[in-house]
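For reference, the structure is listed below as structure tokens.
Values in this text are rule-based calculations from the coordinates and carry no lab data. This structure is a prediction, so every number in the text was calculated from the model and none was measured. Cβ placement follows ideal geometry from the backbone for every residue including glycine, while neighbour counts extend to all protein chains displayed.
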């Protein structure tokens, strides 16, 4: 094993490995790995008639769709409300290392809540914030979803989503190491899909893409997650006004509380022809 890892593009690496089988036979092969690199998100804004910029977050992500990731993160955290607040989004500098820093510059007339920027984001699972505080923080920037305004979805449609998601996960097929988040319409048609090493990044990329297209709120769509449904993902769905969230894995207790608080239909273990409804069964036709 003398060859070094070869970077092929922003999404994956080719690396030489020694594959060991059950009978201890070994074979030298190339393996495709998902890329994981840091991204610093900075916010540029006018303050006291001068331009200033501030680091907002550093996240480990799969390179690609960085503009959507930054915009989606700022929207789902309640810092931005409209794409019209943004003057430009750009990577800082011309060298490869600088591609891991992206800056969202706001229009001169947009005011920034600096206190909100200084707080610890409650989406971080290790921040030590209790569940009630997390729900209270979410309530400051989101409203309860009115179930009467949204279409109902058949159980048959829900059963089809895992296969459709997997078929569209092109990078996952090569690496096996990425989370996916997808938007489907009520008929089960794929609207968009994003992949990332971080499940929250995949959702931010997905929401950010719709945000930059001025397609929010997402009141008539289904969010489908390739893994579990944690509170931070429900928070992002609520901010985007997504009424139905489906996950291949299990929801957390706080995710269920958020679904009840904001009237989100939450489905878990959506795989192998079955699923559990944790809240909002009135939107599902069985």
In nm, spacing of pseudo-spin labels at residue 160 and residue 53 (7 Å Cα→C-beta vector): 4.6
For the pair residue 146 and residue 168, how long in nm is the line joining their label points, each one 7 Å along Cα→Cβ? 2.9
From fewest to most C-beta neighbours within 10 Å, the residues 204, 272 line up as 272, 204
So for R0 = 35 Å, FRET eff. of residue 92-residue 19 from the Cβ-Cβ r, to 0.05, ends up at 0.30
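Determine, for 50, 143, 205, 83, the number of other Cβ atoms within 10 Å of each Cβ, and report the residues in order from fewest to most. Intermediate results must be reported in sequence, preceding the final value.
On the way: 50 7, 143 11, 205 28, 83 17.
Taking fewest neighbouring Cβ atoms as first place, the list is 50, 143, 83, 205.
If neighbour count is taken as other Cβ atoms inside 10 Å, put 62, 32 in order from fewest to most.
Values: 62 28, 32 16.
So the residues, fewest neighbours to most, are 32, 62.
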Where labels lie 7 Å past Cα in the beta-carbon direction, separation of residue 219 and residue 191 in nm: 1.3
